[in-house]
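Accompanying notes for the structure given below.
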Amino acid sequence: MPVRVVLPADPVLGHEPQEVVARLWKRRQTKTGWLYLVGVPAYRDGEDGSVQAAEYRVWVRAPGHVRPVEGVDYDQVVTERLERTPQSTAREVLGERRPSGWVLQKLRDGRGPAQGVLHTPDCGEAPQDAPRLDMERALDVAENPSTRLCTLCGCAQELTPLLRGFDHIADS
């Protein structure tokens, strides 16, 4: 497949970047973007002193060093894509992970035992200076009858099945 390759400018010779039509052999997806294996037309010296048409193959970055040729369909080019890991698929579906742990917002209501609300650390209602609790400590705090689980940030959805089992989900 033909593709335009952008050759670098040469300040010594005083010319701007140039484009040449080359052959696109393969595309490869990397963690930092796409690489294209292109065959740039060149010449080489033959053993008998002749000059012969040749091709210089090199990997270049796309789209910085290559441009499509108008009207060419690149669907048939060999393409190596990155393997999708279960972790990247989960992140794509669920979005970025929230910060780990939980935080307790202590509420004082004058008399009686202290009350509290358990939040995820990135909840807008969570106190920013509260220490993070691990799973075991968060479940201990959540079992206290004076503690509520925040429904805004998902704390209730995360911890309730662990406190009451998963059977309560079918009941609601």
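The values are calculated or read from the model by the stated rules, or taken from the named source; none is laboratory data. Owing to the predicted nature of the structure, the values given are computational and were not obtained by experimental measurement. Positions of Cβ are generated from backbone atoms using ideal geometry, with glycine treated the same way; all protein chains shown enter the neighbour counts. For accessibility, only protein heavy atoms count, side chains too; no ligands or nucleic acids. Shrake-Rupley method; radii C 1.70, N 1.55, O 1.52, S 1.80 Å.
Looking across region 62-78, not a single residue is in a strand (DSSP E or B), over 14 Å from residue 2 (Cα atoms) and open to solvent by 50 Å² or more (accessible area, probe 1.4 Å).
Of the residues making up region 1-40, those that are among the β-branched types (Val, Ile, Thr), assigned to a strand (DSSP E or B) and either over 14 Å from residue 69 (Cβ atoms) or open to solvent by 70 Å² or more (accessible area, probe 1.4 Å) (or both) are 21, 30, 40. Of the candidates 62, 42, 9, the single residue that is at pLDDT below 90 and touching an Asp or Glu at 6+ places or on another chain (Cβ under 8 Å) is 9. Being closer than 26 Å to residue 9 by Cα, small (Gly, Ala, Ser), surrounded by 13 or more Cβ atoms within 10 Å (Cβ to Cβ) and free of Cβ contacts under 8 Å to residues at least 24 places away in the same chain is a property that holds for residue 54.
For the condition surrounded by fewer than 12 Cβ atoms within 10 Å (Cβ to Cβ) and in contact with a strand residue (DSSP E or B) (Cβ under 6 Å, 6 or more places away or on another chain), residue 43 qualifies.
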